[in-house]
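Student: Take this structure, written in structure tokens, and hold onto it; I'll ask about it next.
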Amino acid sequence: MTIKEAIETYNREKAIETEAKKKAEAAKKFILSFMGDNENIVTDAYTVTLKKTSSFRLDTDALYKDFPDIKETYGKTTVSKSLIVQETGNEKTLTA
């Protein structure tokens with residue numbers, strides 16, 4: 001596989017993934033609208049349950065605003081990498 005083939009495969013699969021996520025989200029919205037206020041629905045093949053959960057999140061923006069020194073003492077910086085592929089129209093071939 002060349003780098004060009006790998007990039008094309010990556011782009012194609014990411015597009016498929018994006019479209020699949022959109023379709024799944026649309027189906028989810030339809031199911032939820034069908035359920036209305038019901039927590040469960042049962043069909044001949046499926047049981048669908050809407051389970052409510054709660055979570056607690058700390059409002060770090062408000063915390064840092066009220067206590068600016070806490071960020072330096074307890075904050076940490078993380079580094080992540082993002083793969084960005086842009087088409088240039090240039091037909092150079094690279095191999096790895």
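Student: Applying the selection to region 39-83, what residues are under 30 Å from LYS28 (Cα atoms) and either outside any loop (DSSP other than H, G, I, E, B) or among the hydroxyl-bearing types (Ser, Thr, Tyr) (or both)? Working first, answer last.
Tutor: Residues of region 39-83 under 30 Å from LYS28 (Cα atoms): 39-59, 82-83.
ASN40, ILE41, VAL42, THR43, TYR46, THR47, VAL48, THR49, THR53, SER54, SER55, SER82, listed by residue number.
Student: All but one of (1) more than 20 Å from the chain's Cα centre (by Cα); (2) surrounded by 10 or more Cβ atoms within 10 Å (Cβ to Cβ); (3) among the aliphatic types (A, V, I, L, M) hold for ALA45; which doesn't?
Tutor: Unmet for ALA45, out of (1) more than 20 Å from the chain's Cα centre (by Cα); (2) surrounded by 10 or more Cβ atoms within 10 Å (Cβ to Cβ); (3) among the aliphatic types (A, V, I, L, M): (2).
Student: Within 30 Å of ILE84 (Cα to Cα) and either more than 20 Å from the chain's Cα centre (by Cα) or aromatic (Phe, Trp, Tyr) (or both): which single residue out of GLU8, GLU17, GLU13 fits that description? Even if it seems obvious, please write down each step before you answer.
Tutor: Working: GLU17 fails: either more than 20 Å from the chain's Cα centre (by Cα) or aromatic (Phe, Trp, Tyr) (or both); GLU13 fails: either more than 20 Å from the chain's Cα centre (by Cα) or aromatic (Phe, Trp, Tyr) (or both).
Only one candidate qualifies: GLU8.
Coordinate-derived values only; no laboratory data. From a predicted model like this one, the values you see are computed outputs, not experimental measurements. Cβ sites come from the backbone with ideal geometry, for glycine too, and all protein chains shown count toward neighbours.
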